[in-house]
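Peer 1: Structure incoming, see below.
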Amino acid sequence: MNLIKSGQDAQGKPVEIHYCDYGQGDPIVLIHGWPLSAASWEYQLAELPLHGKRVIAYDRRGFGQSSKPWNGYDYDTLASDLNAVLTELDLQNVTLVGFSMGGGEVARYMSKYNGARVSKVIFVSAVTPYLLKTDDNPDGVDKSTFDDMIENLGKDRPDFLATFGKQFYGVGLVSHPVSQATLDWSQMLALPASPRATTECVRAFSGTDFRGDLATIKVPTLFIHGDADKTVPFKNSAERAVKLVPNAQLVAYEGEPHGLNITSKDRLNRDILTFVDGLPVQEDYDSSESESQPRRNENDTTTY
């Protein structure tokens, strides 16, 4: 099993970060969302290495097959885990891809480590810039929403996660963008996480202000977000975050929910590859064309 040591827990035992590593070429590092594991990148891990890329995904501490210490779920520590992965594998010219909570690791790593080893960053459905409603962040989400999440996790974690999974993928009375089997699979990824890590990470992603971190990013940056995201609303996140990163690009996926790495996996894979190769990511695609060839829209107005 691939493990990287990243510091110690309160008992002095090493914290081990589990990762997978596929393909050859310029590295893409995938950082998963809450409350899942690196396995949630299944469709990216299966496709991106086929296009001359080295792809690494790791389980956040407390999740998947990584160590599950009692503490260490603040973003400074989580960014140090990301740094341990990049350093131990001696990765250079890296594209960081942070999904949801993972966008916070990307932002904090870029400021804390001055963007070392990184050439591009992609935020997918990310929690940046700052979710919590405060006096200086009036467009944020009320603290009671996150308090309720923590309370319900304590009451019945499996039931809460099952309900959360439906919102995650935009499943409703009419809309069924994923199968019941996919919902069951996501539940299987979420349940092995430490209950402590699951609740502490809610506190971390809801209460951490990334506005200053985003302002330090100097490399090409892409934000991808579903405009129907009910988990991390588009207007509270990507629409605001893109304004804080110089020359960043925002691509909204029309009608897509939070879990677009599943519901729009082919487009996401294509957009990641296009951006990594230094080409402009277009808003619209013709699904009748080859998966490997994005349709060029001459009237596109998005800019880097």
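Peer 1: Evaluate the charge dipole of segment 3-276 about its Cα centre and quote only its size in Debye, nearest 20, assuming +1 on the Cβ of each Lys and Arg and -1 on the Cβ of each Asp and Glu.
Peer 2: On the way: 27 positive and 33 negative charges, 76 e Å.
Value, rounded to 20: 360 debye.
Peer 1: Farthest toward the dipole's positive end in segment 3-276, which of VAL124, ASN93, ASN269, given Cβ charges of +1 (Lys, Arg) and -1 (Asp, Glu) about the Cα centre?
Peer 2: Highest projection toward the positive end goes to ASN93.
Peer 1: Per q in 0.34 1/Å, what log10 I(q)/I(0) does a Debye calculation on the alpha-carbon atoms of segment 124-166 return?
Peer 2: Here log10 of I(q) over I(0) equals -1.04.
Peer 1: Which of the chymotrypsin sites (Phe, Trp or Tyr not before Pro) found in segment 1-98 are in a DSSP loop and have at most 15 neighbouring Cβ atoms, other than their own, within 10 Å?
Peer 2: Numbers: sites: TYR19, TYR22, TRP41, TYR43, TYR58, PHE63, TRP70, TYR73, TYR75; in loops: PHE63, TRP70, TYR73.
Those satisfying the criteria are TRP70.
Peer 1: Here is a further query. Which one, GLN8, TYR109, PRO27, projects farthest toward the positive side of the charge dipole computed for segment 1-121 from Cβ point charges (K/R +1, D/E -1)?
Peer 2: The one lying farthest along the dipole's positive direction is TYR109.
Peer 1: For segment 7-81 and segment 112-149, what is the centre-to-centre distance using only Cα atoms, to the nearest Å?
Peer 2: Using only Cα atoms to place each centre, the spacing works out to 19 Å.
Peer 1: What percentages, rounded to whole numbers, describe P(r) for segment 24-73 computed over all alpha carbon pairs with 10 Å bin width beginning at zero?
Peer 2: Per 10 Å bin, starting at zero, the Cα-Cα P(r) for segment 24-73 comes out as 26, 46, 22, 6 percent.
Peer 1: State the volume of the convex hull built on the alpha-carbon positions of segment 69-124, expressed per residue in Å³ and rounded to an integer. Numbers along the way, then the final one.
Peer 2: Numbers: hull volume 4.0 nm³, N = 56.
It comes to 71 Å³ per residue, whole-number rounded.
Peer 1: Just the projected area, averaged over all directions, of the convex hull on the alpha carbon atoms of segment 3-276: how many nm²?
Peer 2: Values: hull surface 53.3 nm².
Result: 13.3 nm².
Peer 1: Which of the chymotrypsin sites (Phe, Trp or Tyr not before Pro) across segment 102-210 are loop residues per DSSP, with 16 or fewer other Cβ within 10 Å?
Peer 2: Details: sites: TYR109, TYR113, PHE123, TYR130, PHE146, PHE160, PHE164, PHE168, TYR169, TRP185, PHE205, PHE210; in loops: TYR113, TYR130, TYR169, PHE210.
The qualifying sites are TYR113.
Peer 1: Take every DSSP beta bridge whose two residues both sit in segment 1-143, then give the antiparallel share in percent to the nearest 5. Don't skip to the answer; put the middle values down first.
Peer 2: Working: 9 of 26 bridges.
Here the antiparallel bridges make up roughly 35 percent for segment 1-143.
Peer 1: Here is a further query. Excluding the sites themselves, what is the longest stretch of the chain that contains no trypsin sites (Lys or Arg not before Pro) in a DSSP loop with at most 14 other C-beta atoms within 10 Å?
Peer 2: Values: sites that count: LYS218, LYS230, ARG295, ARG296.
In the chain, the maximal stretch lacking such sites is 1-217.
Peer 1: Something else about it: For each pair in LYS5/LYS235; LYS143/LYS218; LYS143/LYS235; LYS53/LYS218; LYS235/LYS265, compute the distance between the two Cα atoms and list the pairs where it is over 26 Å. Display every interim value, and only then the final one.
Peer 2: On the way: LYS5/LYS235 38 Å; LYS143/LYS218 32 Å; LYS143/LYS235 17 Å; LYS53/LYS218 23 Å; LYS235/LYS265 22 Å.
Going by Cα-Cα distance, LYS5/LYS235; LYS143/LYS218 fall outside the 26 Å limit.
Peer 1: Of the beta bridges DSSP finds with both residues in segment 3-276, what % are antiparallel, to the nearest 5?
Peer 2: Values: 9 of 35 bridges.
Around 25 percent of the beta bridges assigned by DSSP in segment 3-276 are antiparallel ones.
Peer 1: Could you compute how fast segment 1-120 diffuses translationally, taking Rh as the Kirkwood radius over C-alpha pairs and applying Stokes-Einstein at 20 °C with viscosity 1.002 mPa s? Give it in µm² per second. Before the final figure, lay out the partial values.
Peer 2: Details: Rh = 14.1 Å.
This corresponds to a translational diffusion coefficient of 152 µm²/s.
Peer 1: Taking the Cα centre of segment 152-233 as the origin and placing charges on Cβ (Lys, Arg +1; Asp, Glu -1), which of LEU189, SER206, LEU173 is farthest toward the positive end of the dipole?
Peer 2: So the residue furthest toward the plus end is SER206.
Bear in mind these aren't lab numbers, they're just calculated from the coordinates by the rules spelled out. This is a predicted model, so every value here is computed, not measured. All Cβ positions, glycine included, derive from the backbone under ideal geometry; neighbour counts span all protein chains shown.
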